[in-house]
Protein chains: 6
Amino acid sequence: MKTIVIAAHPDDETLGVGGTLLRRKAEGNKTAWLIVTGISPEQGWSAERVSQREQEIEQVSRLLEFDEVYRLNFPAARLDEVPLRDLVTAMSGVFRQFEPSEVFVPHFSDIHSDHRIVFEAMASVRKWFRYPFVQRILCYETLSETDFGLGDTGVFRPNYFLDVSPYMDTKIEALRVYASELAEFPFPRSEYAVRALAAVRGAASGYLAAEAFELLRERG
Amino acid sequence: MKTIVIAAHPDDETLGVGGTLLRRKAEGNKTAWLIVTGISPEQGWSAERVSQREQEIEQVSRLLEFDEVYRLNFPAARLDEVPLRDLVTAMSGVFRQFEPSEVFVPHFSDIHSDHRIVFEAMASVRKWFRYPFVQRILCYETLSETDFGLGDTGVFRPNYFLDVSPYMDTKIEALRVYASELAEFPFPRSEYAVRALAAVRGAASGYLAAEAFELLRERG
Amino acid sequence: MKTIVIAAHPDDETLGVGGTLLRRKAEGNKTAWLIVTGISPEQGWSAERVSQREQEIEQVSRLLEFDEVYRLNFPAARLDEVPLRDLVTAMSGVFRQFEPSEVFVPHFSDIHSDHRIVFEAMASVRKWFRYPFVQRILCYETLSETDFGLGDTGVFRPNYFLDVSPYMDTKIEALRVYASELAEFPFPRSEYAVRALAAVRGAASGYLAAEAFELLRERG
Amino acid sequence: MKTIVIAAHPDDETLGVGGTLLRRKAEGNKTAWLIVTGISPEQGWSAERVSQREQEIEQVSRLLEFDEVYRLNFPAARLDEVPLRDLVTAMSGVFRQFEPSEVFVPHFSDIHSDHRIVFEAMASVRKWFRYPFVQRILCYETLSETDFGLGDTGVFRPNYFLDVSPYMDTKIEALRVYASELAEFPFPRSEYAVRALAAVRGAASGYLAAEAFELLRERG
Amino acid sequence: MKTIVIAAHPDDETLGVGGTLLRRKAEGNKTAWLIVTGISPEQGWSAERVSQREQEIEQVSRLLEFDEVYRLNFPAARLDEVPLRDLVTAMSGVFRQFEPSEVFVPHFSDIHSDHRIVFEAMASVRKWFRYPFVQRILCYETLSETDFGLGDTGVFRPNYFLDVSPYMDTKIEALRVYASELAEFPFPRSEYAVRALAAVRGAASGYLAAEAFELLRERG
Amino acid sequence: MKTIVIAAHPDDETLGVGGTLLRRKAEGNKTAWLIVTGISPEQGWSAERVSQREQEIEQVSRLLEFDEVYRLNFPAARLDEVPLRDLVTAMSGVFRQFEPSEVFVPHFSDIHSDHRIVFEAMASVRKWFRYPFVQRILCYETLSETDFGLGDTGVFRPNYFLDVSPYMDTKIEALRVYASELAEFPFPRSEYAVRALAAVRGAASGYLAAEAFELLRERG
C-alpha cells in the first residue's frame, strides 16, 4: 500500500496525520508528502524565513520518514487566486506518478480558505476511472483550522480512529521543528493542545493516543 | 475476522449485505445472522406462514453460508412497543457470545420504524469499552425501506463500496427464497431492481456489481 | 408552459433530463437548452473535436426536439475563472428572452466545479421579482458527477420523480450521439448505467423508468 | 384531485393549510380533514370543553368546506403512548377510503411530540405500492409548534409556496372559531401573527399572502 | 440570574457543566440540579449501591454548591418506557418552582437514550409563553455519551465557550465522588480525559480550561 | 462593549440589525458600520446615483447613531473577483482599529454571492488569538437575500432573539432613506414585509417586534 498526505502548508501533515504516517511506515507502506503551497522572496517573505522553511521541510521529511516529497509551490494564503484547473492538473500529475492507494486531505470545513480549496481540488480523486489505484480517502483535522472551522455549513465528524500511541513522541518532535508556528498553550498549535486532542480522540476509541479522521470514500 | 449482520426482518440481510456476506466467507471470515423479530401464531400469523418462514431462514442460512444464526423473536412491526432496554440486553448477549469485529446495521433513516429502532438499540456498539472486539460498524441499504426513507432528517450517504460481482447470482438465489416478499418490477423487492441497484453502486465504484454502505465508525 | 434545462456541458441535459424533456414536448411545452460552456481551438481543442461537438449538439437538439438552443460558450472546465457577474448576466439574458416557467439546473453537490458554479450563478432565479415567469426550479442528477459528488457538504435528495418510460429509448439514442464521452460499463456514462439508474428511480416511484429531481422552489 | 390534511389536533389544519384548502376547493378538488387525536371526559376534560370542541370542529368543517372529516380520537398529548402500528392502521384505513392524491402532514421538527409522531406514522405514505393514488406529500408549518421546533435536528425548509390571498379572510374566520386556543399578539396563535407569517411567506414568493410548505415527495 | 442543569443521571452535571456551575455561583447566581432518574432496590439495585448513590448526590451537591436539588426518580435506563407527558409534567413543576433563566440540557445526539429523551421532554422550554423566565438554553456535552453519539443524525456543534480555569480542580474533586463510574484512561470518564477535553475546548476559545456548549435559544 | 455590523452593501445593516444597533447604543455600547462595497462612476454608476448613495449613508449613519463608519469600497456585485486576502486584510485593519466585542455578519446561505464572500472573509474572526477582543459573532438575516437563500446547503436557523420593539419606528425611518431600493409589498424590501418579519420573530420570542440572529460563536 501507498499513503499520501496532501498538506496545504507544511505542518498540516504533522498536526493531522503525523502519528498515522509513522504507523503506515511501520506497517510497510510507502508514504508521500504533497505540499501544495510554498513561500518565496517574490511573495514578500524574507530570505531567512524561506531558507528556514526549507530546513523545516527537510527535517520533518526525515522525522516522518517520507519516501517522497512533492512540492507544488502555489502561493500560500492565495490559493483562491489560482485557477482551479491548474491546481487539479498539478496534483493529478503527482497522483499519476506516486499512485497512492490511501489519501489524506484537509477537511472541507477548515477555516483557512487554502484548506477548503485543496479539498475541492482533490474532489475528483473519488472518480475511480481517473485514479483506479485510490482505495481510501480520509479527511484529517488540523488544530487551529478545523476547530475554528465553518462548522455551520459542515462539521468534522470523525468516524475513523487510528491508534498512534507508539508514535506520539516522534510526532511531537516533528511538531517542534515548526518552532515559529508554535506558541504556548492555550494556543492551539502547542504541544499540550496536540497531546490533549490525541487523548480526547483516544478516549473515544480506546487508545492512549489516537488520530481521528472522516472517511469520505473507500472501495475494494 | 468475524462479521455479523443485524436484520430487523429476514430478507434485509440478503437485500443489503448478501454479496458482502458471501465475500467475507470467501475471505475466511466467520459470519453470523442476528434476526431481531419473529412471527408466531400468537401474533396472528397463520401456521403455514410461520412454517414457511422457518424454511426460508434455513434455506437462506445455507445459501449465504452463515456460521451462526441468532433469533431474538421480538414481535415484527411492533418494536416500538418493546422496552429499548430489553432489545439492547438481548442483542448485547449475542454480541458477547459471537464477538464480531465487523457489524452491519440497518440505516437510521429507513422508513420502517423497526429498522430505526434496531439502529438505535445498536448505537452503543460504538462504545469500545463495552464491546472491545468491534472494529467496524457499517449501515447497509434495504430496497423498499432506505429508498423511501425519512431522507429529510438523515439520508443514506454511501462512503464504502464493496465489489460483489462474483456473488450476485447467489445473492439473487437467496432473494428468491423470499418469494412471498417479492413482486414484479418496478416493485423494489424484485430481481431487476436489485440488479439495477448493484449496477448503480458499481458504476460509482468501478465494479460490475457493488454493495454500498455508510461507515459509522472504524477503529484500529 | 416553457421548460429550460441549463447544461454546464453538452450531455448533462441528456443524462439528467433527457426523458423529461421529451415528455414535456409531448405534453405541449416549449423546451430550451442553455449550454453554458463551449470548446474552441483557442482553448486547445482540435478542430476535429470542435466540429464533432457541433454535430453532436445539432443531432441531440433534433432528437430531444428542443425549440431553442442557447449557447454561452464560456470556457469548459474553467468557469471558476469567469467573473460570476458575467455568467449571471449572460444567463439572465437568455431567461428574459425565453421566459421559462420550469427550470432544470445541475446539483449543488456535483463533483465538477463547473456544475457547482452554474448552480450558484442560477441561484437568483428564485427571486420572483426578477424572473416572475419562473414557477418551478429543479436540480437534476448527472451520472459520473452527482454520484461522486461532495456528498459531505450536501447530498442529492430526490423528492420529485417523473415517469419517463416511453422516452427511454430516445434518451439512449441521444446519449449515443456523445460516443466520445461514453465507455463500457461500469463506466458511469454507459447505456447500462443509465438504464440501471432509471430503474432504481423507477422502483422508488412506481414506474418502469423514472428521472429523479430535487425540487428547490415552486410557487403558484 | 383529492386533498387531505392530517391534523394532530384541531386548529393545525387552519393554521398551516387553511388558505390552501379553500383554494383547492375553488379549484374543484375534494378535501378531507383527518383529525388524529380527540379529547374526552375519560381523559379528564370537562364535558363543556368536549362539547365546545365538537362545535368548533363542526364550524371549521363548514368554513373550510371539507367534504369529509375523519376522526381517530387517539388521546391528545399522549400519542407517544399509542403503539405506532395502531396509528398506522387507523390512518391507513382513512387513506384507502378517501384515496387522496395530495397529502399535507405536520413537520418532522415540530416541537409537539404528537406532531412528530403523526409525521412518523404517515411516513409510509411515500410507498407508491401501498398507496398508489398518492402523488404529492407536503409538510405544513404550525405557528407555535414549527417556529419553536427542534431546529437542531431538522428545520422547516419551505420550497413550495401557494398564493392564498383570496382566502385569508376566511382562514382568519376559521381561526377565530378556536377562540380558546388564541391569545393576544405576540402570542403565536393570534390573528396578527398569522397575517404576519402569511406576509413573510408572500414576500418570499410574490403574493400578498402565501402558505409555505416543504415538499417531501412528488411523483407523476 | 438563576441557572438549572438537567441531568439524566448524577455525574452528567459534573462532566458537562461542573466548572460553569461553580462559576455561576461565583457570579452570584442561584443554581439548581434537576436529576431526572433514580435507582432503587425495586429496580434491582443493591441497598448498598442505592445508599452510596445518596451519599454521592449529597457530596456533589455540596462541592458544586447547589442551592436546590430536585429529584424526579424516574427509572434509570428506562426513560423510553415512561410516558413523555409524565416527564414533561414533572420537569415543568420544577421549572415553575425554581424559575430558571438559564437552562443546561443534555445533547440531542447523545448515545444514551435517556439523554435524548430528557432533551425531548425539555424541548417545550423554548416556548416563552409557557416559561417566560427562561432566557438561555444550552446543550452540554457528556464524555462517554456525546463523543459516541449518533453523530450521523445530529452532531454536537459547540458555539458557546466558557472559561472555567479557576474551577477545574473542584470539578475534578466532584468527579472523584463518582468513583464507581470512573476508570483508568483511556476510559472516557477519567480525570485525564476530562482534563484533555477541557484543554481542547480551551485551545478553541483562548482559556486554560473551558466548557463548551451548543446554544439552542437565547432571548432578551 | 463595542458592536460592529459588517454590511456587504448599505441597507443590509438596517434590514438585519437596525433595531439591535439602536438598542446597543441605548445600552451604552459604541457601534460601528463596516461597508464592504462601494459604487463609483468608474464602475458604470451615474454620478447622481453615487452622490445619492453618499447622502443615504450619511443619513442612515445619523439615524442609527453609528460612532464609526468604515468604508472599504470594493466593487459591488463583484466581490468574487477580489482576492480573498485583500478582503481579509482590509477588514482585519478595521477590526484592529475598532476592537469590537460583538460582530454581526451576513448569513452564509444568502443568495447574493457578495454576502457569502463577506461571510467567508470574516470567518477568521473566530480565531481568538487573532482578535482577542471579539466575544460574540452573530449572523443576521437580510430580507430579499436570506429568504431566497441557498437553503439547500445551509439554512438560517435563528437561535438568538432580541427585543427591538422600542426601535422599530426609527428602523423603518432608516429603511425609507434607501427609497430607491424599496418597492411596494409583496416586494421583500418594503415597510410591510419588514414589519411582518419583526412580528414573526417577535411571536417566536415573546416581543412585539424582534430581530433574530444565528449565534456562530460566543466566548467569555
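The values are calculated or read from the model by the stated rules, or taken from the named source; none is laboratory data. Just so it is clear, the model here is predicted, and its values are computed rather than measured. So basically every Cβ, Gly included, is an ideal-geometry build from the backbone, and we count neighbours across all protein chains shown. Each accessible area value is taken on the protein alone, full model and side chains, heavy atoms only, with ligands, DNA and RNA left out. Shrake-Rupley method; radii C 1.70, N 1.55, O 1.52, S 1.80 Å.
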Q. Taking the range B:131-142, which residues are touching a Gly at 6+ places or on another chain (Cβ under 9 Å) and either part of a loop (DSSP other than H, G, I, E, B) or at pLDDT below 95 (or both)?
A. B:132, B:135, B:141, B:142
Q: For the range C:143-155, state whether one or more residues are modelled with pLDDT of 95 or more and either outside any loop (DSSP other than H, G, I, E, B) or more than 10 Å from chain D (Cβ to nearest Cβ) (or both).
A: no
Q.
Take residue F:157 and tell me if it is under 29 Å from residue C:215 (Cβ atoms), open to solvent by 10 Å² or more (accessible area, probe 1.4 Å) and touching a Ser or Thr at 6+ places or on another chain (Cβ under 9 Å).
A. no
Q.
Any residue at all in the range B:165-172 that's at the interface with another protein chain (Cβ under 8 Å from one of its Cβ atoms) and at negative phi?
A. no
Q. Residue D:158 is checked against (1) more than 30 Å from residue C:163 (Cα to Cα); (2) at pLDDT below 95; (3) assigned to a loop (DSSP other than H, G, I, E, B) and fails just one. What number does that condition carry?
A. (1)
Q) Is at least one residue of the range E:87-103 open to solvent by 30 Å² or more (accessible area, probe 1.4 Å) and of a type in the set (Ser, Thr, Tyr)? A) yes
Q.
Checking residue F:80 against (1) in contact with a strand residue (DSSP E or B) (Cβ under 7 Å, 6 or more places away or on another chain); (2) open to solvent by 10 Å² or more (accessible area, probe 1.4 Å); (3) not hydrophobic (A, V, I, L, M, F, W, C), only one condition comes out false. Which one?
A. (1)
Q. Which residue out of E:169, E:163, E:147 is within 21 Å of residue A:192 (Cβ to Cβ) and surrounded by fewer than 17 Cβ atoms within 10 Å (Cβ to Cβ)?
A. E:169
Q | Near pairs, Cβ below 9 angstrom, 6+ apart or cross-chain, from the range C:189-218 (away from chain D (no Cβ under 11 Å) and more than 18 Å from residue D:218 (Cα to Cα)) to any residue that is of a type in the set (Lys, Arg) and in a helix (DSSP H, G or I) | A | C:191/C:176; C:194/C:171; C:196/B:195
Q. What's the number of the condition residue F:124 fails, among (1) more than 24 Å from residue F:183 (Cβ to Cβ); (2) in contact (Cβ under 8 Å) with a residue 24 or more places away in the chain; (3) within 12 Å of another protein chain (Cβ to nearest Cβ); (4) buried (at least 19 other Cβ atoms within 10 Å of the Cβ)?
A. (4)
Q: Quick one: residue F:29 ticks every box in (1) closer than 29 Å to residue A:81 by Cα; (2) in contact (Cβ under 8 Å) with a residue 60 or more places away in the chain except a single one, so which number is it?
A: (1)
Q: Quick one: which residue in B:25, B:30, B:2 is modelled with pLDDT of 95 or more, closer than 28 Å to residue B:196 by Cα and open to solvent by 20 Å² or more (accessible area, probe 1.4 Å)?
A: B:25
(Q) Every residue in the range F:92-121 that is within 14 Å of chain A (Cβ to nearest Cβ) and more than 13 Å from the chain's Cα centre (by Cα), please. (A) F:92, F:109, F:113, F:117, F:120, F:121
**Q.** Answer residue from the range B:127-136, given it is in contact with a strand residue (DSSP E or B) (Cβ under 7 Å, 6 or more places away or on another chain) and more than 9 Å from chain A (Cβ to nearest Cβ) and is surrounded by the most Cβ atoms within 10 Å (Cβ to Cβ) among those
**A.** B:134
**Q.** Unmet requirement for residue C:45, which otherwise passes all of (1) without any contact (Cβ under 8 Å) to a residue 24 or more places away in the chain; (2) touching a Ser or Thr at 6+ places or on another chain (Cβ under 8 Å)
**A.** (2)
Q: Hey, can you tell me all the residues within the range E:44-66 that are within 19 Å of residue E:12 (Cβ to Cβ) and open to solvent by 60 Å² or more (accessible area, probe 1.4 Å)?
A: E:45, E:52, E:54, E:55, E:58, E:59, E:62, E:65
Q: Select from the range F:64-73 the residues that are within 15 Å of the chain's Cα centre (by Cα) and on the phi < 0 side of the Ramachandran plot and list them in ascending order.
A: F:64, F:66, F:68, F:69, F:70, F:71, F:72
**Q.** Of all residues making up the range A:44-77, the number that are over 27 Å from residue F:89 (Cα atoms), out of contact with any Leu (no Cβ under 6 Å at 6 or more places or on another chain) and among the aliphatic types (A, V, I, L, M)
**A.** 4
Q: Considering each of F:108, F:74, F:66, F:95 in turn, give the residue that is touching a strand residue (DSSP E or B) at 6+ places or on another chain (Cβ under 6 Å), within 30 Å of residue A:117 (Cβ to Cβ) and aromatic (Phe, Trp, Tyr).
A: F:74
Q. How many residues does the range C:192-218 hold that are open to solvent by 10 Å² or more (accessible area, probe 1.4 Å) and hydroxyl-bearing (Ser, Thr, Tyr)?
A. 2
Q | Condition met for residue D:183 (touching a helix residue (DSSP H, G or I) at 6+ places or on another chain (Cβ under 9 Å) and either more than 14 Å from chain C (Cβ to nearest Cβ) or surrounded by fewer than 21 Cβ atoms within 10 Å (Cβ to Cβ) (or both)) | A | no
Q. Is it the case that some residue within the range D:170-177 is within 30 Å of residue D:96 (Cα to Cα) and among the small types (Gly, Ala, Ser)?
A. yes
